[in-house]
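Read through the structure below, which is laid out as structure tokens, and then see the notes.
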Amino acid sequence: MSLAILRPVPVESSLRAVNKKVLSVVGLGKAYNAGSRVLDDISFDLHAGELVAVIGRSGAGKSTLLHTLNGTITASEGQIINQRDDGSQQNVAALPARKMRQWRSECGMIFQDFCLVPRLDVLTNVLLGRLSQTSTLKSFCKIFSDEDRARAIGLLEWLNMLPQALQRAENLSGGQMQRVAICRALMQNPKILLADEPVASLDPKNTRRIMEVLRQISDNGISVMVNLHSVELVKEYCTRVIGIASGRIIFDGHPAQLNENLLHTLYGEEITQLN
Ligand SMILES: Nc1ncnc2c1ncn2[C@@H]1O[C@H](COP(=O)(O)OP(=O)(O)OP(=O)(O)O)[C@@H](O)[C@H]1O
Ligand SMILES: [Mg+2]
């Protein structure tokens, strides 16, 4: 993926990309403990260029869903079918651990607490996104190619983070850390980007900035799935919304279809606390 494709493309191209299926989730289930099912019979298709919000009250299973897709949590049942460009399919829910690394490079994730290495500088943190495609020895010694460095610098420049490139990650603001986490995830050329509450700790200005970035990423054909607590942001930025209650999908459609009844079913009395 060249940096050029991270810039907005004409609407016609992005509409074409939206029709391409990249992932099929079929009957996905997760039980951390026997008898208590956190995800139950989750099925949906994900397409290139979609910006999909996952919403639901606290404990509904949103983070578990994203982590299960990415393979950081193992599914208890069901399939996660990776639809490859060459037409072949791969059930990533049944991959052995050694092959999971490859899937994680195709399905990047931005974690709620950023997961940056505090004492390393910003540029190195971004380069660490290449680990899944770098040999163990090279990654241990933090040896990266000129091409990787150029790409990392390009991504930081794109997100206005170049001035901080040599600053330690621990000295950044929350909004800056989030942008570095996005750069790191994009370093691995993912076709899917998962973001677990990427704006939870940000002020309104940084929240909009990050949502704009996610929109640009999806406009360039990457499927973005994002856990959000703000219905207002879902309606403003997302092309689709999946509503989860008690581990089951109860809504999958366009954000404009979210009405009071549906929101009440999803959030119960907590609805009054949402913006
Ligand atoms: N490692 C775990 N072991 C046991 N139960 C867990 C574990 N992780 C999550 N759970 C439980 O699974 C359910 C779903 O949790 P999850 O974190 O997916 O919810 P969420 O929708 O992301 O909530 P929030 O909006 O608060 O982040 C919760 O009841 C939670 O307590
Ligand atoms: Mg969560």
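If Leu159 passes every condition in (1) open to solvent by less than 70 Å² (accessible area, probe 1.4 Å); (2) within 16 Å of ligand 2 (Cβ to nearest atom) but one, which one does it miss?
Of everything listed in (1) open to solvent by less than 70 Å² (accessible area, probe 1.4 Å); (2) within 16 Å of ligand 2 (Cβ to nearest atom), Leu159 misses just condition (2).
Keeping to the stretch 184-216, report how many residues are within 16 Å of ligand 2 (Cβ to nearest atom) and charged (D, E, K, R).
Result for the stretch 184-216: 2.
Suppose we keep only residues that are away from ligand 1 (no atom under 16 Å from the Cβ) and β-branched (Val, Ile, Thr) within the stretch 216-275. Which one would you say is nearest to the chain's Cα centre (by Cα)?
Val224
If I ask for residues that are at pLDDT 95 or above and under 21 Å from the mean Cα position of the chain (by Cα), which ones from the stretch 162-175 would you list?
Within the stretch 162-175, just Ala169 meets the criteria.
Quick check on Asp113: is it open to solvent by 70 Å² or more (accessible area, probe 1.4 Å), at pLDDT 90 or above and either away from ligand 1 (no atom under 16 Å from the Cβ) or not in a helix (DSSP H, G or I) (or both)?
Here the answer is no, as Asp113 does not meet what is asked.
Residue pairs, Cβ under 9 Å, 6 or more apart or interchain, first in the stretch 189-217 and acidic (Asp, Glu), second away from ligand 1 (no atom under 13 Å from the Cβ). List them.
Matching pairs, first to second residue: Asp196/Met109; Asp196/Ile110; Asp203/Gly174; Asp203/Gly175; Glu212/Tyr237.
Quick one: which residue in Arg57, Arg84 is away from ligand 1 (no atom under 12 Å from the Cβ) and open to solvent by 40 Å² or more (accessible area, probe 1.4 Å)?
Only one candidate qualifies: Arg84.
Please work out which one of (1) surrounded by 13 or more Cβ atoms within 10 Å (Cβ to Cβ); (2) over 21 Å from Pro198 (Cβ atoms); (3) within 19 Å of the chain's Cα centre (by Cα) is the condition Ser76 fails and give its number.
It is condition (3) that Ser76 fails.
Only residues in the stretch 108-125 that are touching a residue at least 12 places away in the same chain (Cβ under 8 Å) count as the first member; pair them with residues that are within 13 Å of ligand 2 (Cβ to nearest atom) and part of a helix (DSSP H, G or I), Cβ under 8 angstrom, at least 6 apart or cross-chain, and list the lot.
Hits for this filter: Met109/Leu66; Met109/His67; Gln112/Ser63.
I'd like the full set of residues that are out of contact with any Leu (no Cβ under 7 Å at 6 or more places or on another chain) and within 11 Å of ligand 1 (Cβ to nearest atom), limited to the stretch 20-47.
Result: Ala31, Tyr32, Asn33, Ser36, Arg37, Val38.
The values are calculated or read from the model by the stated rules, or taken from the named source; none is laboratory data. Only a predicted model underlies this, so the values are computations on that prediction, with no experimental measurement involved. Cβ: placed from backbone, ideal geometry, glycine included. Neighbour counts: every protein chain shown. Each accessible area value is taken on the protein alone, full model and side chains, heavy atoms only, with ligands, DNA and RNA left out. Shrake-Rupley method; radii C 1.70, N 1.55, O 1.52, S 1.80 Å.
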